[in-house]
Amino acid sequence: MKHLQNWPAGFNTKLVAVIQGDFQVSSDPAVALSTILGSCASVCLFDPDSGLGGMNHYLLADSDQSGSVSLKYGAHAMELLINSLLKMGAARHRLKAKVFGGGLITGRFDYIGPRNTKFALQYLEDEGIPVISQDIGGNAARRLNFHPPTGQVRITYTQTKTDPAMRHPPKPAAPTKTTTNPILF
């Protein structure tokens with residue numbers, strides 16, 4: 001595992017990748033979950049009292065086929081993440097959420113990103129899980145590092161030399177704590 005640099009003082013953190021269509025949960029203080037998001041969305045859930053947290057990474061809000069149970073779809077990814085945290089000892093009433101992604105990275109399929117984050121926000125509202133921060137939309141991809149025991153998130157934005165629109169990362173949505181670069185949530 002790669003050690004995470006520029007993480008807050010006191011954290012000796014190793015990265016665990018969360019790839020597209022996947023999720024991970026952990027209570028290990030030496031682990032940060034990491035993913036890269038474009039139009040995909042990621043929900044980070046954590047229970048601050050138990051020190052448990054997890055992250056998913058889904059590609060599409062829902063499937064065109066009813067009943068699809070693939071992790072690439074939001075509903076299934078959310079259900080598995082929540083159930084895994086509860087099985088490990090998290091309490092549903094203490095869960096807090098942070099939502100990320102849903103960018104407009106290319107001109108094609110521009111409805112996917114906003115649809116993904118709209119789904120996440122509605123799902124969490126329906127489940128009664130408060131969203132305490134979010135960084136959604138914009139036109140830059142994000143590298144997301146999530147520390148499950150504390151719920152802290154570190155985001156950096158990718159830049160490209162070929163697409164001038166992507167040279168300026170989106171402004172973080174409120175409520176957030178901002179520093180120079182990276183941004184901590």
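The values are calculated or read from the model by the stated rules, or taken from the named source; none is laboratory data. Being a predicted model, the structure only gives us computed values, none of them experimental. For accessibility, only protein heavy atoms count, side chains too; no ligands or nucleic acids. Shrake-Rupley method; radii C 1.70, N 1.55, O 1.52, S 1.80 Å.
Condition first: over 21 Å from GLY54 (Cα atoms), assigned to a loop (DSSP other than H, G, I, E, B) and at pLDDT 90 or above. Can you find one or more residues in region 117-129 that meet it? No, that holds for no residue. A single entry from SER84, SER42, SER68 fulfils the requirement of being open to solvent by less than 60 Å² (accessible area, probe 1.4 Å), over 16 Å from PRO130 (Cα atoms), at pLDDT 95 or above and not charged (D, E, K, R): SER84. Do we find a residue being within 20 Å of GLN122 (Cα to Cα), open to solvent by less than 10 Å² (accessible area, probe 1.4 Å) and at pLDDT 80 or above anywhere in region 3-25? No.
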